[in-house]
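The values are calculated or read from the model by the stated rules, or taken from the named source; none is laboratory data. Here the structure is a predicted model, which is why all the values come from computation and not from measurement. So basically every Cβ, Gly included, is an ideal-geometry build from the backbone, and we count neighbours across all protein chains shown. Ligands, DNA and RNA are stripped out before the accessible areas are found, and what is left, the full protein with its side chains, is counted by its heavy atoms. Shrake-Rupley method; radii C 1.70, N 1.55, O 1.52, S 1.80 Å.
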Amino acid sequence: MQTDSQDFAVILAAGRGSRLMPYTKTLPKCLTELSQKPLLHWQIEALQSSGVKNIIIVIGYLGNQIRKATQGYANIFLVNNPNWAETNMVESLFCCLAFIREEGDLIIAYGDIVYQSNNLKALLDCDDEIALMIDRKWKDLWSLRLENPLDDAETLIMDGAGYITELGRKPQNYEQIEGQYTGLIKIRSDKLAELEKFYNQLDRSAAYDGKDFKNMYMTSFLQLLIDKGWKAKAVQVSNGWLEVDSLEDIRQYEKMAEDGLLDRFYKVEC
């Protein structure tokens with residue numbers, strides 16, 4: 001399936017990013033720079049160069065900074081999550097219900113990631129009802145970022161056809177991690193109304209993996225969909241993306257770039 005101008009993306013960028021202080025004292029997390037360009041700009045340019053022209057950015061913390069940073073781009077729509085300090089990404093996503101009702105496939109991206117266009121194309125070309133970009137070589141990067149990669153990893157288990165059966169839980173061993181969920185998702189257009197209905201029918205008083213409804217993890221929401229019978233295809237890639245979660249990540253990537261090693265994990269596309 002080829003992407004077209006009807007496809008649209010939501011970038012979830014409402015949170016504070018406290019682990020990136022002091023960078024995020026005056027800037028939201030998505031404006032943290034990688035190779036002298038904000039993460040958000042890398043994402044916008046990757047999406048628009050791949051034919052995804054309409055991009056919704058959910059803002060919250062220091063949202064006016066994002067408004068200023070996106071003035072040079074066309075077809076950018078900002079949606080405010082007024083409760084960003086008390087909610088998580090799922091709530092930010094469903095602040096965009098009016099846009100989600102539009103025609104076209106929906107790409108959902110965390111605000112603290114970047115990805116190469118070839119990886120994005122693989123996701124866009126997947127015609128399953130849910131597609132998740134999964135890094136099968138995740139451990140190469142995690143071994144550089146962390147002393148013990150298992151401490152920060154989450155389960156991801158697939159069936160024989162490459163559909164995800166479990167994700168987002170605490171793993172006991174590496175056998176429970178068949179890839180790393182990257183925070184890049186695509187929902188097929190004909191499933192969007194059902195997605196909204198599913199969300200609206202969830203129990204607001206229940207706990208979801210230890211979190212209340214408004215602070216549910218995105219992985220918990222995806223697992224609920226899978227448990228309900230939705231088919232989530234793992235679009236498997238080998239590196240070609242980065243997440244920025246902490247000051248140490250920024251320092252690590254800057255050092256790797258200086259040493260000519262960053263291209264192994266993410267090639268900056270000018």
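Taking springs between alpha-carbon atoms closer than 10 angstrom, which of G260, G160, G51 fluctuates most in the Gaussian network model of the chain? Among G260, G160, G51, the largest mean-square fluctuation in the Gaussian network model of the chain belongs to G160.
Given q = 0.13, 0.18, 0.19 Å⁻¹, what are the Debye log10 I(q)/I(0) values for the range 92-242, with equal point scatterers placed on the Cα positions and solvent ignored? With one equal scatterer per Cα and no solvent, log10 I(q)/I(0) is -0.60, -1.18, -1.30. Evaluated at q = 0.24 Å⁻¹, the base-10 log of the normalised Debye intensity for the range 78-155, with identical point scatterers placed on the Cα atoms, takes the values -1.22.
When the chain is treated as a Gaussian network with alpha carbon springs shorter than 10 Å, the biggest mean-square fluctuation among N200, N54, N88 belongs to N200. Taking a straight Cα-Cα cut-off under 18 Å and skipping sequence neighbours fewer than 8 places away in the same chain, the aspartates and glutamates within cross-link reach of K228 are D128, E129, D159, E166, D190, E194, E196, D203, D209.
As a length-normalised measure over Cα pairs under 8 Å and 6 or more apart, the relative contact order of the range 1-155 settles at 31 percent. Exposed loop sites, defined as GluC sites (Glu not before Pro) outside DSSP H, G, I, E and B with at most 10 other Cβ atoms within 10 Å, are absent from the longest region of the chain, namely 148-270. Per residue, the convex hull around the alpha carbon atoms of the chain comes to 125 Å³. Helix content alone sets the calculated 222 nm mean residue ellipticity of the chain: runs of n ≥ 4 DSSP H residues at -39500 (n - 2.57) each, divided across all residues, give -7500 deg cm²/dmol.
Counting only other residues whose beta carbon sits under 14 Å from that of Q223, what net charge do I get with K and R as +1, D and E as -1? Net local charge, Q223 excluded: +1. Counting only DSSP beta bridges whose two residues both lie in the chain, roughly 50 percent are antiparallel. Build a GNM of the chain with springs between Cα atoms under 10 Å apart, and of L247, L120, L47 the one that fluctuates most is L247.
Taking 18 Å as the limit for the C-alpha separation, the pairs K29/K68; K53/K231; K25/K214; K53/K186; K191/K233; K121/K186 exceed it in the case of K53/K231; K25/K214. Treating cross-link reach as a plain straight distance, find the aspartates and glutamates whose alpha-carbon is under 20 Å from the alpha-carbon of K267, omitting any fewer than eight places away in the same chain. In chain and number order, the partners are E33, E45, D112, D135, D140, E243, D245, E248, D249, E254, E258, D259.
Heavy-atom accessible surface of the range 210-270, averaged per residue, reaches 49 Å², computed with a 1.4 Å probe.
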